[in-house]
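The values are calculated or read from the model by the stated rules, or taken from the named source; none is laboratory data. Nothing here was measured: the structure is a model prediction, and the numbers come from that model. Cβ placement follows ideal geometry from the backbone for every residue including glycine, while neighbour counts extend to all protein chains displayed.
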Amino acid sequence: MTAFSDLIRVFGKIGLLSFGGPVAQIGVMHRELVERHAWLSDAAFTRGLSFAMLLPGPEAMQLCTYAGWRQRGVPGGLVAGTLFVLPGAVFMFAITFAYLRWGALPGVDAAFLGVKATVIVVVAQALVRIARKVLITPLSWGLAVAAFVALAGLSLPFPVVVLAAAAIGAVTATGTATETGAVRPRMRRTLVTALSWTLLWLAPLGLVAVTGPDRLADIAGFFTRLAAFSFGGAYAALAWMAQAMVEIRGWLTPEQMVDGLGLAETTPGPLILVTQFAGMVAAAPLGPGSMVLAALLSLWAIFIPCFGLVFTLAPYLDLLARAPRLAASLSAVSAGVVGVIAALALFFARHTLWPDMTLSPPALGLTALAALLLLGLRLPLPVTLIAMAIAAIGVAGALGTIG
């Protein structure tokens, strides 16, 4: 059994290194949990990733929570999920206050270009490693390519792609049910877990909605709905949030929304932490105390359901091996996930290397430098991130682009 001190050390490291959105974060987790510490097999990791991608909410945080749960049950899941979110939440809290007081900080955008260049390399590594383990049949290759085309070429909704992969896996399944020794969870315990976490999630949000100022009540209500229906990954949720908070309610300006996304991507932790920034900016007219409360409300609304979903449903995951159709569905989703990762990687690389539809030589050069440091010299990721941020600031200074 893994010691809690080891859980804190490893998942704390993952939380501090989780830059660049879910694809890069999944790469960091694979390296730490599968390759370095062997806490999960490749099969368990991809099964957990497929499981997390079927749930609403940030999939990387749910995968991290699942990995901690596999080691030490609910306490382990709480440690893993909390440490994945906490560093980024603390950074975002401080940066948002600084942003609202002093505006955009010189050099931040430049440093972030170095971080993004590093993330491209990390994502490419993760994609190759996961693809080697998952794409082992012609069907799995076909599903991965189809998922990539559906997302990158046809812009189909993410849930549609995942459900289609699961359906194809079920239809093409072969074999008979086998006994694996997996213990069937008690339905009563499942219902108690689901109800307990639902009440824990909604009680404080409902209290604010009833007793708080109108704007705080609206903020709590909006983030509750966002958490419940945030299928499709962080970018889908952010598109909905931008429409609601900028265009409909006018709580943020378009420039502030873009700045918030940039700040979320320069800090560790899930990209959905931009909700914390948005909540704080929306509550700024009410004063610093309301900003703090809005930050806490956004974090609670988005992340508490993640714990509840994982702790309620994860005990059933190993039972899939008993049912060939369900197991084949999950394997098909794993193959589709490779295409999803490839589509997200392309999205990230395109917006980094080809901003405004023109190739950026500085970004291209920085990406090549990141590849040299990570793949050629095999420097640790923290060292590479720091070096790349410094290199990017140097490049921007030489080009005169730091204001």
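Among the residues of segment 144-156, is any modelled with pLDDT under 85, assigned to a loop (DSSP other than H, G, I, E, B), in contact with a Pro (Cβ under 6 Å, 6 or more places away or on another chain) and on the phi < 0 side of the Ramachandran plot? No, the conditions are met nowhere in segment 144-156.
Within segment 43-70, residues that are touching a residue at least 12 places away in the same chain (Cβ under 8 Å) and buried (at least 24 other Cβ atoms within 10 Å of the Cβ) sit with their Cβ atoms under 8 Å from residues that are assigned to a helix (DSSP H, G or I) and of a type in the set (Lys, Arg), at 6+ positions apart or across chains, in these pairs: Gly48/Arg70.
When Leu385 is tested against (1) surrounded by 20 or more Cβ atoms within 10 Å (Cβ to Cβ); (2) modelled with pLDDT of 85 or more; (3) under 16 Å from Ala111 (Cβ atoms), exactly one condition is not met: (2). Filtering segment 358-395 to residues that are part of a loop (DSSP other than H, G, I, E, B) and of a type outside the set (Gly, Ala, Ser) leaves Thr358, Leu359, Leu377, Arg378, Leu379, Pro380.
Residues of segment 112-157 that are hydroxyl-bearing (Ser, Thr, Tyr) and surrounded by fewer than 16 Cβ atoms within 10 Å (Cβ to Cβ): Thr137, Ser155.
Annotation: of all residues in segment 270-309 being of a type in the set (S, T, N, Q) and crowded, with 24+ Cβ neighbours inside 10 Å, the one that is farthest from Gly260 (Cα to Cα) is Ser298. When the residues of segment 1-35 are filtered to those that are of a type in the set (Lys, Arg) and modelled with pLDDT of 90 or more, which remaining residue is nearest to Leu374 (Cα to Cα)? If we take residues in segment 1-35 being of a type in the set (Lys, Arg) and modelled with pLDDT of 90 or more, then Lys13 is nearest to Leu374 (Cα to Cα).
Does segment 162-172 include one or more residues that are polar (S, T, N, Q), closer than 26 Å to Leu49 by Cβ and either part of a helix (DSSP H, G or I) or at pLDDT 75 or above (or both)? Yes; the residues of segment 162-172 include at least one that is polar (S, T, N, Q), closer than 26 Å to Leu49 by Cβ and either part of a helix (DSSP H, G or I) or at pLDDT 75 or above (or both).
Taken over segment 316-337, the residue count meeting the criterion of being over 17 Å from Ser41 (Cα atoms) and modelled with pLDDT of 80 or more is 3. For segment 61-68, the count of residues that are out of contact with any His (no Cβ under 8 Å at 6 or more places or on another chain), more than 30 Å from Leu346 (Cβ to Cβ) and in a helix (DSSP H, G or I) is nonzero. Beta carbons closer than 7 Å, at least 6 apart along the sequence or on distinct chains, pair a first residue in segment 187-211 that is over 20 Å from Leu317 (Cβ atoms) and modelled with pLDDT under 90 with a second that is in a helix (DSSP H, G or I) and of a type in the set (Val, Ile, Thr) for Leu205/Thr224. Screening Ala38 on (1) part of a loop (DSSP other than H, G, I, E, B); (2) more than 18 Å from the chain's Cα centre (by Cα); (3) in contact (Cβ under 8 Å) with a residue 12 or more places away in the chain shows it passes everything except condition (3). When segment 84-99 is limited to residues that are of a type in the set (Gly, Ala, Ser) and buried (at least 18 other Cβ atoms within 10 Å of the Cβ), the one that is modelled with the highest pLDDT turns out to be Ala89. Being at pLDDT below 85 and either within 26 Å of Gln125 (Cα to Cα) or not in a helix (DSSP H, G or I) (or both) is the requirement here; does Gly81 meet it? For Gly81, the condition - at pLDDT below 85 and either within 26 Å of Gln125 (Cα to Cα) or not in a helix (DSSP H, G or I) (or both) - is not met. Taken together, Ala124, Ala94, Ala89 contain a single residue that is assigned to a helix (DSSP H, G or I) and either closer than 23 Å to Leu330 by Cβ or free of Cβ contacts under 8 Å to residues at least 40 places away in the same chain (or both), which is Ala94.
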